[in-house]
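Take a look at the structure below.
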Amino acid sequence: MGEHVAEPTGHNPEPSGNDQSLYDRVGGMAFFEVLVDRFYDGVVNDPVLAPMYPAEDLPGARRRLTLFLAQYWGGPAIYSDERGHPRLRMRHARFPIDDEARLAWLGHMGRAVADAGLQPREEAEFSGYLAAAAAHLQNLP
């Protein structure tokens, strides 16, 4: 998974053996919008993560994460069209991401994924990617 995990180019990194991307299998953009809303509903009250997400930027952060995840899993390339290459490490370098922050982020995203009612295969694909990406973005011990 390595670098590809953190720097997606808009395709499913682990094809499922059929022609449908995970984006299509989970219901398209609507799935990602709900997933990201659930995630940020937890983040806004988290003592570790909330300071990294200023209230005035939350709508933009929600949109960017939605578009990024949708594109990564096979959806439209709106994220790249608007922002260029994801460059996740560079974009997150200004945030202090230590073990506590990584685990808090994974906890909120994990709950959002669990609440989404995915099939086991899709949940495993999604969860595996999220854990690897979060580890890749950690920049402090």
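Here are the numbers:
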quantity	calculated
Looking only at the range 30-59, and only at residues there that are among the acidic types (Asp, Glu) and out of contact with any Ser or Thr (no Cβ under 7 Å at 6 or more places or on another chain), the one that is farthest from residue 100 (Cα to Cα)	56
The range 93-118, residues that are surrounded by fewer than 16 Cβ atoms within 10 Å (Cβ to Cβ), closer than 17 Å to residue 24 by Cα and touching a helix residue (DSSP H, G or I) at 6+ places or on another chain (Cβ under 8 Å)	none
Where residue 48 falls short, out of the listed (1) modelled with pLDDT of 95 or more; (2) part of a helix (DSSP H, G or I)	(2)
Condition broken by residue 10, with the remaining ones in (1) at pLDDT 95 or above; (2) of a type outside the set (A, V, I, L, M); (3) surrounded by 14 or more Cβ atoms within 10 Å (Cβ to Cβ); (4) not in a helix (DSSP H, G or I) satisfied	(1)
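The values are calculated or read from the model by the stated rules, or taken from the named source; none is laboratory data. Everything quoted here is computed from the prediction, not taken from an experiment. Note that each Cβ is placed from the backbone with ideal geometry, even for glycine, and that neighbours are counted across all protein chains shown.
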